[in-house]
Structures are given as C-alpha cells and as structure tokens.
Amino acid sequence: MLPFLLRRLGLAVATIFLVVTVGFVLGRLTGAPGALLLPDNASAAEVDALNASLGFDRPIVLQYLDFLGGLFVGDFGDSYRRHESALGLVLERVPATVELAFWAFVVGFALALVAALAIQLTGSRLLRAIVGWSGAIRQSVPDFFFALLLVLVFSVLLGVLPSLGRTSPASLVLPVITLATGQFVMYLRLLDAALSEQAEQDYVRTAFAQGRSRAAILLTQMLPNALAPVLGMAGLNLGGLLGGTVVVEVVFAWPGLGSLLTDAVSQRDFPIVQAGLLFVAVMFVLVNTLVDVLVSRIDTRTAHS
C-alpha cells in the first residue's frame, strides 16, 4: 500500500503543478488587465502605469517566479478589482460549490444504481431501452437549456421551487437535478455493463445452482464486485464536477466558485483565477486519490498494479 500511495502522491504533486503553471501562462497570454480595470476614458499612460504597478511590465519568467513564491506560502495576492485576498474570496465560495457538486453526484449515482439494479432484477430489455434512451436524450440537452426549462416549469409556471440564490434547502433542488440528470446516463452505462459482466461469471451460476434468489446474488455478490471499476470513473467525475458547475451556478445565481471564476476570467483578475484553479486541482486530485485508495481496498489487484 505504501508504494501505491507514494506513486499517487507524486502524480498528485505533478498534476497540481502542471495545472497552475498552464493557468498562469494562458492567463498572461490574454494580456495585461489594466484597460479592464480603469474607466473607458482612461489614457494609455494611465493604463501602462497601472499595469506596471501590478508587475506586468516585468519579464514573464520573473512574474512566474514571484507567483511560485506566493504559491508555496499560500499568498496569491489581492483581487485587482475587489482589493481583497484572492484566496479568501475563493474559500468563501468553496462551501457552496462543494455542496452542489456533492449532492449532484449522490443523486445522479443513486438514480443510476437504482435503475441498473431494476434492469438486472427484471432482465427487461424494454426497461433497459427506455431508461437508456431517456438518459441519452437528457444528456444531449445542454445543461444551461435544461436548467432554463426547469426554471420555467417549477419556478415560473408552478411556483413551487426557488430559481435563484442559495437561501434554503429547496434552492438546491433545481441545480442538483440539472447536474445529476446530466451525469445519470454515464453512471447507468458503467453500472449496467459491470453488472452484466458479473452475471456471466462462474460464481453467479454456482449461486443460482445452490438455489439462492436473484436479488440476494445481485445485492450481496454481483454488486460489490461490480462497484470497484465503476467507483474509479465516478471519482474522476466527482472531481470534475467540483470545477464544472460553472454554467449551472450562473443560471441559478448559485454563489459558488464557478460564478466567481467566470467573473474573474472576464475581468482578467488573475489572483482569483490562479487561487481558484489551485483549489479545483487540489480537490480533483484529492478526491481521485481517495477513490483510488478505496478501490484498492475493494480490489487488491489495484494496489499491486
């Protein structure tokens, strides 16, 4: 287990370093932010002076070294526009994004698990086709459009759910449905394929020969064996959700990291962008490392791969 963890730790450090480096370089390639921070009637001299005060007149290598120095001590500087700690602004938004991503993952995976178990228990091709096509149709609809449809039906026409903000548990319902249903078909296909593979194994035929019920075999033997490969992909998806809720957060005015980063990118507020990218990278790596450890405990072959 120790060599396994050391490999994962080395990969995690390399991944985080690569993400923040690429983010830094791409950000600088978009240009200095002075013109966006000053009024439209600001002179070229005023724009140049502001860019110089922010350090953009220095060679990019020196800017990068300063960035790395701040990175190692957790100092990303202050937001150019808000004049507050960039890391502090990011951390303020983290709970909302984590809450949304977590519940979207749980609901999406639970729906897929129930559907996959129902398909396996009934052996119905019709049910598999109906559920699969329904999920595929939902997946073909962009999240922002599906979110707007939900708002129109449940907030505007029926008036039963809030459409904006994070004011109550009910505020979670529409954004979670949007994200969860978008992920549903991926989980369903993985679970159905894994369970179908397990159904062909000798131990399943032996259990049937011993007179055990289909439900008992499915829940106590097939499902635990099928979960190991599925959890790896689910972990990747959960890590991606933490940084991929931008569109949904904007539509529902959800006060999370996605909406903060959207504004920061449009304004070239690089300290916020860099702090946000670091958080997303760390969470992605952390979640996937934990999932790798969990899978390795379920399937000991992983620990020796």
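The values are calculated or read from the model by the stated rules, or taken from the named source; none is laboratory data. Note that the structure is a prediction, hence the values are computed from the model and not measured. Virtual Cβ from ideal backbone geometry, glycine too; neighbours counted across all protein chains shown. Ligands, DNA and RNA are excluded from the accessible area calculation, which covers all protein heavy atoms including side chains. Shrake-Rupley method; radii C 1.70, N 1.55, O 1.52, S 1.80 Å.
Counting only helices (runs of 4 or more DSSP H) wholly contained in region 132-224, the ones carrying 1 or more residues that are more than 23 Å from A104 (Cβ to Cβ), among the small types (G, A, S) and without any contact (Cβ under 8 Å) to a residue 40 or more places away in the chain occupy 202-209, 214-217. Exactly one residue out of L188, L164, L113 is closer than 22 Å to P229 by Cα, of a type in the set (A, V, I, L, M) and open to solvent by 40 Å² or more (accessible area, probe 1.4 Å), and it is L113.
Which residue, of A42, A32, A12, is of a type in the set (G, A, S), part of a helix (DSSP H, G or I) and either surrounded by 11 or more Cβ atoms within 10 Å (Cβ to Cβ) or touching an Asp or Glu at 6+ places or on another chain (Cβ under 9 Å) (or both)? Every option except A12 fails the conditions. For region 65-79, the candidate set comprises residues that are out of contact with any Phe, Trp or Tyr (no Cβ under 7 Å at 6 or more places or on another chain) and open to solvent by less than 50 Å² (accessible area, probe 1.4 Å); within that set, the residue that is farthest from V47 (Cα to Cα) is G74.
For L223, state whether it is open to solvent by 10 Å² or more (accessible area, probe 1.4 Å), touching a helix residue (DSSP H, G or I) at 6+ places or on another chain (Cβ under 9 Å) and over 30 Å from L87 (Cβ atoms).
It is true that L223 is open to solvent by 10 Å² or more (accessible area, probe 1.4 Å), touching a helix residue (DSSP H, G or I) at 6+ places or on another chain (Cβ under 9 Å) and over 30 Å from L87 (Cβ atoms).
Would you confirm whether any residue within region 80-88 is modelled with pLDDT of 80 or more, open to solvent by less than 50 Å² (accessible area, probe 1.4 Å) and either touching a Ser or Thr at 6+ places or on another chain (Cβ under 6 Å) or charged (D, E, K, R) (or both)? Taking every residue of region 80-88 in turn, at least one turns out to be modelled with pLDDT of 80 or more, open to solvent by less than 50 Å² (accessible area, probe 1.4 Å) and either touching a Ser or Thr at 6+ places or on another chain (Cβ under 6 Å) or charged (D, E, K, R) (or both). Figure legend. Inter-residue proximity from region 64-80: first residues more than 9 Å from F270 (Cβ to Cβ) and in a loop (DSSP other than H, G, I, E, B), second residues open to solvent by 90 Å² or more (accessible area, probe 1.4 Å) and of a type in the set (S, T, Y), beta-carbon distance below 7 Å, spacing 6+ or different chains. No pairs are indicated.
Say whether the condition of being among the charged types (D, E, K, R), open to solvent by 60 Å² or more (accessible area, probe 1.4 Å) and either at pLDDT below 80 or part of a helix (DSSP H, G or I) (or both) is met by at least one residue in region 253-265.
Checking region 253-265: at least one residue is among the charged types (D, E, K, R), open to solvent by 60 Å² or more (accessible area, probe 1.4 Å) and either at pLDDT below 80 or part of a helix (DSSP H, G or I) (or both).
Would you check if there is a residue in region 226-244 being more than 21 Å from F284 (Cβ to Cβ), open to solvent by less than 10 Å² (accessible area, probe 1.4 Å) and either in contact (Cβ under 8 Å) with a residue 24 or more places away in the chain or β-branched (V, I, T) (or both)? There is at least one residue in region 226-244 that is more than 21 Å from F284 (Cβ to Cβ), open to solvent by less than 10 Å² (accessible area, probe 1.4 Å) and either in contact (Cβ under 8 Å) with a residue 24 or more places away in the chain or β-branched (V, I, T) (or both).
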